[in-house]
1. Highest first, please rank the peptides 149-159, 119-129, 280-290, 241-251 by the mean number of other Cβ atoms sitting within 10 Å of their residues.
2. Ala239's amide H: which non-local residues (gap 5+, or another chain) put their own amide H closer than 5 Å, with H modeled 1.01 Å from N in plane and none for Pro or chain starts?
3. Arranged from highest to lowest average of other beta-carbon atoms within 10 Å per residue, in what order do the peptides 139-146, 38-45, 107-114, 174-181 appear?
4. Specify whether the C-alpha gyration tensor of the stretch 205-253 places it in the rounded, prolate or oblate class, a ≥ b ≥ c being the square roots of the eigenvalues: rounded for a/c under 1.5, otherwise prolate if a/b is larger than b/c and oblate if not.
5. Could you calculate the contour length gain from Ile70 to Val377, that is, 0.36 nm times the residue separation minus the distance between their Cα atoms, to one decimal place in nm?
6. Of all accessible surface on the stretch 150-223 at a 1.4 Å probe, what whole percent is carbon and sulfur?
7. Can you bin the stretch 115-269 into rounded, prolate or oblate? Criterion: square roots of the alpha carbon gyration tensor eigenvalues sorted a ≥ b ≥ c, rounded for a/c under 1.5, prolate for a/b above b/c, oblate for the rest.
8. Name the long-range amide H neighbours of Lys180: under 5 Å, sequence gap of 5 or more, or other chain; modelled H, no Pro or chain starts.
Amino acid sequence: MQPQYAETAPRRSTLEGIRMSARRLTEDPLFECGPPRALQFRLGVLGNGQLHVLRRASLVVTIGWMPLIILASVQSLTSQTGALSSVLLATGAHGRYLIAAPLLIFAEAECALRLNAIVRQFDAGLIPARNKSRYEAAVASTRRLLNSGAVEIFVIALAYILSATAALSQPFEQVPIWHKTGGIAPTFSPAGWWHVLISLPLLLTLLLGWAWRLILWARLLWLIAGLDLRLMASHPDRAAGLGFVGYSVRAFYIVALALASIVAGAAAHVVLLGDPLTRQYLILSATLLLCALALFSAPLLILSPSLMSAWRRGALQYGALADRVGTAFENKWLTNENHVEITALDQQDFSATTDLYSVVANVYALRLVPIDLKSVVILLGAMLLPFIPVVFLALPGDQILAGLKQMIF
């Protein structure tokens with residue numbers, strides 16, 4: 001059964017509030033929407049208020065990956081071209097259609113629901129009553145854009161344009177064996193045509209669907225940031241009460257894992273062909289992963305002006321308060337006329353002053369971007385995970401053992 005939404009209790013912890021703040025999917029879906037949702041409804045694989053991610057992920061593998069193996073096997077048996085062995089070694093294709101594509105479906109049951117809960121957490125005291133209607137209008141407009149039929153048609157059309165461009169721009173002699181027929185005038189094989197017309201457009205549609213979600217996520221944060229949020233500069237999350245928004249970075253970990261699987265699959269294919277991973281290739285791969293990390297984190301920069309305003313206001317107010325309390329404390333306990341007895345340690349002045357200064361310290365330590373280190377580490381870990389097999393493929397076993405011995409002894 002898919003997770004359902006529930007209202008957030010006002011005094012729950014931030015993480016628990018994020019998990020419990022969403023409403024029922026059948027009544028109030030948000031980021032679960034998006035291309036190609038309408039197409040899936042028409043195909044009958046989505047409905048009844050459930051995401052059915054396992055069914056849909058299996059369907060994506062069945063449509064996008066399995067026909068490539070079957071068609072290449074038939075080609076290998078009929079023409080003796082080695083198409084089957086070629087496609088089995090095509091780890092790039094496996095990374096795209098066996099791993100990345102279903103992961104983009106599974107992300108709806110994890111990433112999308114977390115984004116929904118984060119959005120609703122704003123309505124747990126941060127939105128002034130006078131701006132509630134504007135907040136609800138922003139959420140409603142986001143939902144309309146995610147459900148837009150015109151956008152879905154555009155995304156699918158763009159996916160086919162990109163697929164055709166990729167197929168036509170690649171020199172035919174560089175096309176893999178399983179992708180083309182033999183003979184005097186080679187053309188695309190049935191597996192090749194299926195890849196160009198079905199598998200690749202399907203993957204690109206899913207990727208573009210998540211790109212559209214990311215754009216609308218940034219747009220929604222921009223609209224919410226203009227609602228005169230009730231920010232508390234002394235909040236213990238050191239983000240003026242917006243620390244929960246930073247959890248959106250880790251919410252994208254499945255999408256990041258899918259993107260990294262595509263890059264790692266291509267790198268593994270180079271290694272299996274016996275070619276070294278050049279410095280340029282490694283730099284390109286690292287650049288792509290860093291760009292993905294930046295894309296998932298960049299929307300939170302929209303909240304920086306609000307946090308800067310809260311920091312300036314809090315630094316002035318709490319700084320002045322700390323000065324007054326500190327002056328009173330010193331006048332009472334640090335003058336020459338007062339003889340401090342051991343019983344002074346039982347006074348409340350010391351603990352009260354310490355507590356106040358810890359609150360003021362939260363103000364001065366306020367982060368201007370509500371991103372926590374743990375979320376970044378989780379996202380980086382998800383992106384590095386698919387490269388572990390590539391490392392073992394690239395490095396011989398004896399070198400790995402020799403390196404481990406050097407570290408131990």
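The values are calculated or read from the model by the stated rules, or taken from the named source; none is laboratory data. Note that this is a predicted model, so its numbers are computed, not measured. For neighbour counting, all protein chains shown are included, and Cβ atoms are generated from backbone atoms with ideal geometry for every residue, glycine included. Heavy atoms of the whole protein, side chains included, go into the accessibility calculation; ligands, DNA and RNA do not. Shrake-Rupley method; radii C 1.70, N 1.55, O 1.52, S 1.80 Å.
1. 241-251, 119-129, 149-159, 280-290
2. Arg367
3. 107-114, 174-181, 139-146, 38-45
4. Verdict is oblate for the stretch 205-253.
5. 106.6 nm
6. 79 percent
7. Prolate.
8. Residues meeting the criterion, in which the H sits 1.01 Å from N, are Ser189.
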